[in-house]
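Values quoted throughout were computed directly from the atomic coordinates according to the rules given, and no laboratory measurement underlies them. Note that this is a predicted model, so its numbers are computed, not measured. Cβ sites come from the backbone with ideal geometry, for glycine too, and all protein chains shown count toward neighbours.
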Amino acid sequence: MSSWCRKGGQRAIDELQRTISEIEAKYKAELGRQRKKFETDIREYEIQVETLNRANAEMGKNSKAASSRIKVLHTFLISVYARQDSRCDTRPFRLILTQFHIYVFTLTSLPYRKTTA
């Protein structure tokens, strides 16, 4: 009877080892698939970061250029307003200057939002 128990026990151990090997193989295969997926995702994210960095740099250049143009226009409006003869009605110039200040304040206080077409 003891040899029968040993053989049955050995068969159970062999079955458990096969099961463990199958499970291990499945997990290794799944691990490989997940690793490839994550590597692909990382490459895509790196490309997105590079694209966003380029867009951000371009936006910064455009912002500096727009700021420069705004300063020039502001100086021009101030000089036009200052040159007006006291006999002339300066209300239109004051209105334009006020609207300009509101426009500049709006541009500088709102976050940049890119619109896609």
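Taking R0 as 35 Å, what FRET efficiency do you get between residue 53 and residue 20 from their Cβ-Cβ distance, rounded to the nearest 0.05?
0.15
Quick one: what are the phi-derived ³J(HN,Hα) couplings along segment 44-57, Karplus 6.51/-1.76/1.60 with θ = phi - 60°, whole Hz, x for glycine and proline?
5, 5, 5, 5, 4, 5, 4, 5, 5, 5, 5, 5, 5, 5
Within 14 Å, Cβ to Cβ, of residue 36, how many net charges do the neighbouring residues add up to if Lys/Arg are +1 and Asp/Glu are -1?
Working: positive: 28, 33, 35, 37, 43; negative: 30, 39, 41, 44.
Computed value for this residue: +1.
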